[in-house]
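Just so it is clear, none of the values below were taken in a lab; they were calculated from the coordinates. Keep in mind it's a predicted model, so treat the numbers as computed, not measured. We place every Cβ from the backbone using ideal geometry, glycine too, and count neighbours over all the protein chains shown.
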Amino acid sequence: MTELTPAERLRSHAERILDRTSVRERDREELVEELYGHLWQRWQDGIGAGLSGDEAADAAIAGFGDADRLGREMTSAYHSRLYASTIGVLLPAVAGSSDRPYGYGRSRALVFLTGFFTLVGGAVVANAQTPFRLLVSVLALLLAFFITVLAYRALARRQRWALVYVQVLALAFVAGWIVECVVQPVQVSLLGIVALVVLDAVFRKDLSLWVGSSRRTGKLLGVVIVVAVLLPYVPLAVGAVPDPTQASPADLSITVRADCTRTGGAVAGGTVTATIRWARTDFLPNGFRPDMARTDLIGASSASSLQFDPGANGLPFPRGLEDGVVVTGNWTMVDAETGLPADAGVLVFSGSSFFDVGVVEDAIDPGSIQANRTYRASLGFISQRSTGLPDDPIFRVRYDHQGRWGAEAFATCTRSGVGQPVTTPVQPPSQFP
Amino acid sequence: MARVPAERDLRSLVIGVLAGRDAYGYEIAAQLRGVAEGSDPAEGSVYPVLRRLERDGLASGHWVEIGTDVPRRRYYVLTPKGLAVHARREAGSSATSTRRLGELRP
C-alpha cells in the first residue's frame, strides 16, 4: 500500500472535515488551507518537542478533533440551525461525488457485490448442511456480511482499514479466478472481473490520500481483515469439520455373513446377510429442509445406501466368474425384531442386466433409522456355472452415509466380516483385507 | 473526565483572546489551552467559532504570508461591533462579580 507523508495525512484530515461540511467551493478551499496550516504548525511543534514525523502528525490530528463533529460545527457556522440540522447533514452524505477519488466507486461496488453474494451463498448453503456445519456456516456468512456493510460505510468515511479490506478482497478474488481458470476451462466470474477492474485503482495514491488521515492499520487488524475476506469460504471448508450432531463411523456396527450351499464341494449358492446397528443416529437426519437427504453440497452422494457387491467391477470375485451368479430376493434393510422395512424400500440394481449380478443397492431414508435397534438385509445367490463358484468366494457389503463417510465389510463362506470405516465415495479395494 | 466548554463559552473565550490582540487560529487554540483550565476543547473547534464571528460581523479575517515553505495564516481581528460586545460582557461580568462580592460581605 502507498504510504502517505505526514504532510499529506494532515491535508487529508483537513479535507475530510470539509467533506462533512456543506459550504461553497471557495470557502472550502480557504478553510482547507486554514485548517491545514493549523495542523502543520502543530506538527512542527511536535517534531520540535522530539516526536517523529509520524508521531507528530498523529498527535496533531488527534488534538484537532473528530472530523464528523467539526464538520457539523462548521456547517452550522455557515448556515441557520434548521439548515445545518437537515439539509446540511444530508448534502455532504449524498453530494460531493466529484470529490471522490479515482477508484472509490469501483471499490464500493466490489464490497457491495461481495456482501450480496455472501447472502446468496448463505441461502444456498442453508439448504444442504448438517446442523452444526450450518450453524458455523451461517455465523461465518453473517459475520462476513456484517463486515462488508461496515467496510462499505467506512470507505465513505475515509477509514483506512476499509481500503485495506478492498485491496485484500480484490487480490483474493483475482487470485481465486486465476486458479479457477487454471484448474478448469476458463470461467467467467463477475466478482473476478469487478475485482480486476478494482485492482487497477486500489493501489494508486488517490485512494491512499483519501484515507490518509485515518488511523494506520496494525498487524492485528491486518490479520483480522484477511480472516474477514476468507469468511465467505467457510461453508466450503466446513465439510471437513466433524459435526458432533451427526453419527460417525464409530457409531455404526456392521457385520456380514455368508451361508453357502455346496454341490460336490463347490459353492452352488447361498445367502449373504448384513447385520447393522447404530449406537447413535443423526440429529435432524434430513436437515432443516428435506433437500439435505438427497443433496449434499460437500459430498458427492445423494443418499445413504446399503450395497451388496458380489463381484461387480472385477472385485472381489475372480474375473470372469461374476457373470455366472444370479441374485435372488430383496436386498432391503428390515428391522430385525419386527421384520418391517426400515427404509424407503427402494431396490436399485446396477449391472449389465436385471438378473445378472451387479451392485445391488438399497437407498435408505436416514430419518427411518433408529439408534440401538438391529437391522438386517439379506440376499440369496445362485451360481449358474456347472462348476460352481470357487471354494471361498468373497462378498462385499458397503454402506454409504450420504457421501460423508462409509463402512465396508467382507465375508466368505467360512469367515464373517466386520465393517471398517472407509472414505466416500467408496472405492473398490485393491485387495482382500 | 474533562469538561468540553459550551459553544457560547468558547465564543466568549475566543472574543476575549481577540480583544487582546489580533491572532490566528493556532494561536487562539494555544491560548485557550491555558485559559480554559479543566476543559478539553478540540483545537479545531475554534474555527467554526471564528467563522461564526465573521458571519455575525464581530470579527474579520485576513491572510498573512509567512514564508515560502510555511502555510500562510489567517489572522482575525475584532470589529468595532465585536469590541462593543466584548466590552458589554466585561462590564456585565464585572457587575456580577461586584454584586456577588457584596452578597458575601457581612
**Study point:** Anisotropy class of the range A:211-254 from Cα gyration tensor, a/c 1.5 cut
**Key:** prolate
**Study point:** Residue-by-residue Karplus 3J(HN,Hα) for the range A:159-165, coefficients 6.51, -1.76, 1.60, Hz, glycine and proline x
**Key:** 9, 5, 4, 5, 5, 4, 4
Review point. What's the FRET efficiency of residue A:241 with residue A:216 using the Cβ-Cβ distance as r and R₀ = 45 Å, to the nearest 0.05?
Key: 0.80
Check your understanding: Hey, with R₀ at 56 Å, roughly what FRET efficiency would residue A:24 and residue A:179 work out to, going by the Cβ-Cβ distance, to 0.05?
Key -> 0.65
Check your understanding: Average projected area of the Cα convex hull of the range A:111-202, in nm²?
Key -> 6.6 nm²
Review point. Stokes-Einstein at 20 °C, 1.002 mPa s, Kirkwood radius from Cα pairs: D for the range A:5-85 in µm² s⁻¹?
Key: 165 µm²/s
Exercise for review: Within a 10 angstrom radius of each residue's Cβ in A:30-39, how many Cβ atoms of other chains show up on average? Whole number is fine.
Suggested key: 6
Review point. To the nearest whole number, what is the average tally of beta carbon atoms from other chains within 10 Å of the beta carbons of peptide B:66-72?
Key: 3
Review point. What distance in nm separates the simple spin-label points at residue A:233 and residue A:416, each placed 7 Å from Cα in the Cβ direction?
Key: 4.8 nm
Check your understanding: Taking amide hydrogens as modeled 1.01 Å from N in the peptide plane, which residues meet the under 5 Å criterion relative to residue A:267, leaving out close sequence neighbours?
Key -> A:389
**Study point:** By average C-beta atoms within 10 angstrom, highest first, the peptides A:229-239, A:101-111
**Key:** A:101-111, A:229-239
**Study point:** Overall Cα dimensions of the range A:160-287 - principal axes, largest extent first, Å
**Key:** 92, 35, 25
